[in-house]
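Engineer: Encoded as structure tokens, here's the structure I'll be asking about.
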Amino acid sequence: MTSVTTEAYEAAFDAAVAADERIEPRDWMPEAYRATLIRQMAQHAHSEIIGMQPEANWITRAPSLRRKAILMAKVQDEAGHGLYLYSAAETLGVSRDELLDKLHTGRQKYSSIFNYPTLTWADVGAIGWLVDGAAITNQVPLCRCSYGPYARAMVRVCKEESFHQRQGYELLLALSKGTPAQHAMAQDAVDRWWWPSLMMFGPPDDASAHSAQSMAWKIKRHSNDELRQRFVDICVPQAESLGLSLPDPDLRWNEERGHHDFGTIDWSELTEVIKGNGPCNEQRLGQRRRAHEEGAWVREAAAAHAAKRRTAQHTEPREATA
Ligand code: BYC
């Protein structure tokens, strides 16, 4: 391709982004745009499937059949989200195998939040309320992402996430209004999950390497700090309705800003968890690698079945015999 043609393609891409049009898989796109999307979408897909682990930990110990059925459905939804996202990432020219290999060898990341343990049943509620709540806050704007397949995948993911958030809230409400021991269990879970949930939005804006470029490309529509603030403002009244407190003595309404002020986040904790030194990093990745190895026969069987069907399609159907 001559540079004149490249310039014309670039101009068309920039104009499409400026006009809020969607970039589709067959459209020309800058290589850095493609690489950024692959990085973010892969990380997102990996988070969905690793995120199944802390909650699946409680399926066998759910306190009632109703709670067990709800939790199983939620964990299955997350597997589904992983599949939509891997499929969407494949439209950028990478294979799912390649992405999974990068996850398993530590070359791609997944959300820091899933490296914390689920110690009690109330953690299932706290994950639903806070972790899914943070995920929705982050992902609703991604429904308007400039890359078509990612934006469309997000529409369905967000619908399901909002159901997940409601189930977490309802679970915590039941515990909060229950016995003093149940109330204490709910409070303890919120105390442990609050700060890691705020870290889900990524480093502060002045330390966010990718935000400016991703926002210029309209992959991200808001900065990490804007979304974090939005999440805090949403959670404060919800915590009040739940009858639970948020573990931050500096949390208070700021009339002038029209937002809640909140305490300083321990960024060294996020850095350590991202580097692999969180409480459960090794366990999560180990379990993921094991599940992949143990599932090898399923992938082989599916591939053999697909190959057989392909051959059958190229063979004339046999005449029916009496
Ligand atoms: N954890 O320049 P920045 C869910 C990395 S789960 C780990 O701000 P960016 C759910 C970042 O990747 C929610 N790593 O980056 C599932 C970058 O590293 P690299 C998952 C983090 O991309 C089951 C570096 O730090 N959601 O939905 O502009 C049950 C610098 O950061 C984290 C998504 O993935 C972190 N918390 O912004 C329940 C949403 N934060 O790649 C719920 C899509 C930052 O340069 N992703 N890093 O090595 C995003 O929106 C963005 O990627 C982020 C980060 C806001 C996370």
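Engineer: Anything in segment 247-276 that is touching a Gly at 6+ places or on another chain (Cβ under 9 Å), assigned to a loop (DSSP other than H, G, I, E, B) and within 16 Å of the ligand (Cβ to nearest atom)? List them, or say none.
Structural biologist: none
Engineer: In addition: Residues that are exposed (fewer than 10 other Cβ atoms within 10 Å of the Cβ) and part of a helix (DSSP H, G or I): does segment 314-321 have at least one?
Structural biologist: No, that holds for no residue.
Engineer: Yes or no: segment 27-48 includes at least one residue that is out of contact with any strand residue (DSSP E or B) (no Cβ under 7 Å at 6 or more places or on another chain), part of a loop (DSSP other than H, G, I, E, B) and within 22 Å of residue 290 (Cβ to Cβ).
Structural biologist: So far as segment 27-48 goes, no, none of its residues is out of contact with any strand residue (DSSP E or B) (no Cβ under 7 Å at 6 or more places or on another chain), part of a loop (DSSP other than H, G, I, E, B) and within 22 Å of residue 290 (Cβ to Cβ).
Engineer: Considering only segment 107-131, state which residues are of a type in the set (Val, Ile, Thr), under 14 Å from residue 169 (Cα atoms) and more than 9 Å from the ligand (Cβ to nearest atom).
Structural biologist: Within segment 107-131, just 124 meets the criteria.
Engineer: Hey, does segment 11-31 have a residue that's within 16 Å of the ligand (Cβ to nearest atom), within 30 Å of residue 164 (Cα to Cα) and in contact (Cβ under 8 Å) with a residue 24 or more places away in the chain?
Structural biologist: Looking for residues that are within 16 Å of the ligand (Cβ to nearest atom), within 30 Å of residue 164 (Cα to Cα) and in contact (Cβ under 8 Å) with a residue 24 or more places away in the chain, one finds none in segment 11-31, hence no.
Engineer: Now, a different point. What's the total number of residues in segment 132-173 that are aliphatic (A, V, I, L, M) and free of Cβ contacts under 8 Å to residues at least 40 places away in the same chain?
Structural biologist: So the answer is 4.
Engineer: Now a separate question. Could you please give the count of residues in segment 248-281 that are surrounded by 14 or more Cβ atoms within 10 Å (Cβ to Cβ) and under 21 Å from residue 118 (Cβ atoms)?
Structural biologist: Total meeting the criteria: 8.
Engineer: When residues of segment 212-246 are filtered for being without any contact (Cβ under 8 Å) to a residue 60 or more places away in the chain, in a loop (DSSP other than H, G, I, E, B) and either of a type in the set (A, V, I, L, M, F, W, C) or more than 9 Å from the ligand (Cβ to nearest atom) (or both), how many remain?
Structural biologist: Looking only at that region, the number is 2.
Engineer: Restricting to segment 283-294, give me the number of residues that are within 16 Å of the ligand (Cβ to nearest atom) and without any contact (Cβ under 8 Å) to a residue 60 or more places away in the chain.
Structural biologist: The number of residues fulfilling the criteria is 1.
Engineer: Yes or no: residue 75 part of a helix (DSSP H, G or I) and out of contact with any strand residue (DSSP E or B) (no Cβ under 6 Å at 6 or more places or on another chain)?
Structural biologist: It is true that residue 75 is part of a helix (DSSP H, G or I) and out of contact with any strand residue (DSSP E or B) (no Cβ under 6 Å at 6 or more places or on another chain).
Engineer: With the requirement that a residue be more than 8 Å from the ligand (Cβ to nearest atom), hydrophobic (A, V, I, L, M, F, W, C) and part of a helix (DSSP H, G or I), what does segment 51-68 give you?
Structural biologist: If the condition is that a residue be more than 8 Å from the ligand (Cβ to nearest atom), hydrophobic (A, V, I, L, M, F, W, C) and part of a helix (DSSP H, G or I), then 56, 59, 65 are the ones that fit.
Engineer: If I filter segment 195-203 for residues that are over 21 Å from residue 168 (Cα atoms) and surrounded by 12 or more Cβ atoms within 10 Å (Cβ to Cβ), do I get at least one hit?
Structural biologist: yes
Engineer: Residues that are within 10 Å of the ligand (Cβ to nearest atom) and among the charged types (D, E, K, R): find the helices (runs of 4 or more DSSP H) completely inside segment 132-211 holding 3 or more of those.
Structural biologist: Answer list for segment 132-211: none.
Engineer: Report yes if some residue within segment 98-120 is in a helix (DSSP H, G or I) and touching an Asp or Glu at 6+ places or on another chain (Cβ under 6 Å); otherwise report no.
Structural biologist: No, segment 98-120 contains no residue that is in a helix (DSSP H, G or I) and touching an Asp or Glu at 6+ places or on another chain (Cβ under 6 Å).
Laboratory data are not the source of any read-out in this text; all were calculated from the coordinates shown. Because the structure is predicted, anything quoted here is derived from the model rather than measured. Ideal geometry is used to build each Cβ from the backbone, glycine not excepted, and the neighbour counts take in all protein chains shown.
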